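Remarks on the structure that follows.
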Amino acid sequence: TSKMPPITEENLQELLLTLPSEKNIDGTNSLYLYQGAWIPGFNLRGVDSFQRRFIAQDTDIIVASMPKSGTTWLKALAFSVAERHIYGPRESPLLSTSPHELVRFFETDLYSKDQPPDLEQLPPPRIFGCHSHYANLPESIRDSKCKVVYICRNPLDQIVSFFQFAHKFKLDDGTSLLSLDECYENICRGVQSQGPFWDNVLGYWKASLERPDKVLFLKYEELKEDIVLNLKKLAEFLGLPFTDKEEEEGVIEEISRLCSFDNLRNLEVNKNGVRPLSGAPNSAFFRKGEVGDWANYLSPSMAEKFFNIVEEKLAGSGLSF
Ligand code: A3P
């Protein structure tokens, strides 16, 4: 990147002509293959600006994921763990603010404007959200002591979730959306926002093996299965383990309840609020929150074919789905 000029409004169209492109789920905004990742065209400047400008601090916490993998949940959990000495669960800002407002995305939010906000002034720990591949993170994230928490999810649940999300967004303009079959054909080729899936997960997976103090790799399904265990893991990883006293007082259970799907979804802000930049309804981030919903939309043979591809791509990594 350093040798290339920054992406500007002026040179963006020219750049787009040189990049491989495919249809995105919403059918209108194309995806472009940039630095090995499929990025929606409108998001390329944000991706580039984030890479060039963000300077990590050792105390930062980065919540990383592919879209629709449980990011909202992990943002709420990370915020609650890291800020628990400031706000108890009954006075948490999460009760009146979207997790995406408390933990803002780099690429689609903070760096999507010409002038990024001044982040230096924020009190530590700063917590951010990010969808970029590990290899494309700003060097200062990889080189500093800041912590990266990654969440992934069964990729078929992820694509079904994305498909439903796109539909919720585009209620009046539903005709231009890709069909679920088209989405499926695309993911078999690795084509989806922030994909290929296997490259996105493998970058963080390998980093978590090489530097377990730097990158924590979580799975949505495991959080569903045992949230207490995973909250302990998260707190320890962040250098903020729960004390015996906190455990006795039920702090872990309280955080898990606060951040649970049913609790967050039913809060006024998440029922009727909208995202300031995109105007997307906050409610679109809460749908079913279940494991295995893909089976209601995709056939067993489609799943088998896809998982064979994934297995081949992940072979030898120790990671499986
Ligand atoms: P479904 O569409 O399968 O319901 P992201 O936060 O990365 O955009 O992912 C959204 C998915 O996570 C949606 O999945 C959403 O319902 C689910 N989700 C949101 N909040 C959750 C929570 N607190 N607990 C569990 N799942 C949650």
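Figure the gain on full extension for V228 and D118 (residue separation times 0.36 nm, minus the Cα-Cα span) and round it to one decimal in nm.
Details: separation 110, 0.36 × 110 = 39.60 nm, distance 3.54 nm.
Once the chain is fully extended between V228 and D118, it gains 36.1 nm.
R0 = 35 Å: FRET efficiency of N11 with S144, Cβ-based, nearest 0.05?
According to the calculation, E is roughly 0.70.
With contacts defined as alpha carbon pairs under 8 Å and 6 or more residues apart, what's the relative contact order of region 1-127 in percent?
This gives 25 percent for region 1-127.
On a full-extension model of 0.36 nm per residue, what is the gain between E304 and K214, subtracting their alpha-carbon distance, rounded to one decimal in nm?
Extra length available between E304 and K214 comes to 29.0 nm.
Determine ³J(HN,Hα), in whole Hz, for all residues of region 186-192 in sequence, where each value follows from phi through the Karplus function 6.51 cos²θ - 1.76 cosθ + 1.60 and θ = phi - 60°; x replaces Gly and Pro.
Per residue, the Karplus-derived 3J(HN,Hα) values read 5, 5, 4, 9, x, 8, 6 Hz.
Could you pull the accessible area for L17 with a 1.4 Å probe, rounded to 10 Å²?
150
What residues qualify as long-range amide H neighbours of C152, i.e. H under 5 Å apart, gap of 5 or more or another chain, H built at 1.01 Å from N?
The list, which skips near neighbours in sequence, is L218, K219, Y220.
Work out from phi, with θ = phi - 60° and the Karplus expression 6.51 cos²θ - 1.76 cosθ + 1.60, the ³J(HN,Hα) of each residue of region 13-28, listed in order in whole Hz, and give x for Gly and Pro.
For region 13-28, the Karplus-derived couplings read 4, 5, 4, 4, 5, 8, 9, x, 9, 9, 6, 8, 3, 6, x, 9 Hz, x marking Gly and Pro.
Report relative contact order for the chain in percent, whole number only (criteria: Cα-Cα under 8 Å, sequence separation at least 6).
Dividing the mean separation by the residue count of the chain yields 22 percent.
What net charge do the residues around K145 carry, taking every other residue with its C-beta under 14 Å from that of K145, with Lys and Arg at +1 and Asp and Glu at -1? Let's see the in-between values first.
Details: positive: R126, R142, K147, R211, K214; negative: D58, D60, E139, D143, D213.
Here the charged neighbours net out to 0.
Over the heavy atoms of K271, what accessible area does a 1.4 Å probe trace out, to the nearest 10 Å²?
100
What does the charge dipole of the chain about its Cα centre add up to, to the nearest 20 debye, if the Cβ of each Lys and Arg holds +1 and the Cβ of each Asp and Glu holds -1? Present the calculation step by step, with values, prior to reporting the outcome.
Values: 35 positive and 46 negative charges, 48 e Å.
Roughly 220 debye for the chain.
Starting at the first residue of region 278-295, write each ³J(HN,Hα) from the Karplus equation 6.51 cos²θ - 1.76 cosθ + 1.60 with θ = phi - 60°, in whole Hz, x for Gly and Pro.
8, x, 5, x, 4, 4, 5, 7, 10, 10, 10, x, 10, 9, x, 5, 3, 5
May I ask you to derive the relative contact order of region 166-321, considering only C-alpha pairs under 8 Å and at least 6 residues apart, and to give it as an integer percent?
Details: 82 pairs, mean separation 28.6, N = 156.
With pairs under 8 Å counted, the relative contact order is 18 percent.
Roughly how many Å is it from the Cα centre of region 150-220 to that of region 108-127, as a whole number?
Cα centroid to Cα centroid, the span is 25 Å.
Work from the charge dipole of region 1-122 (Cβ charges, +1 for Lys and Arg, -1 for Asp and Glu, about the Cα centre) and give the residue of N11, Q35, P67 farthest towards its positive end.
Of the candidates, P67 comes out farthest on the positive side.
Skipping prolines and chain starts, which residues have an amide H placed within reach, meaning under 5 Å, of the one on V274, given they are 5 or more residues away or on another chain?
When sequence neighbours closer than 5 places are left aside, the close amide H contacts are N282.
Have a look at the DSSP beta bridges in the chain and tell me what percent are antiparallel, nearest 5.
Close to 35 percent.
In Å and whole numbers, how far do the C-alpha atoms of the chain stretch along each principal axis, longest first?
58, 47, 45
The values are calculated or read from the model by the stated rules, or taken from the named source; none is laboratory data. Note that the structure is predicted; figures quoted are calculated from it, not measured. For neighbour counting, all protein chains shown are included, and Cβ atoms are generated from backbone atoms with ideal geometry for every residue, glycine included. SASA here: full protein model, heavy atoms, side chains in, ligands and nucleic acids out. Shrake-Rupley method; radii C 1.70, N 1.55, O 1.52, S 1.80 Å.
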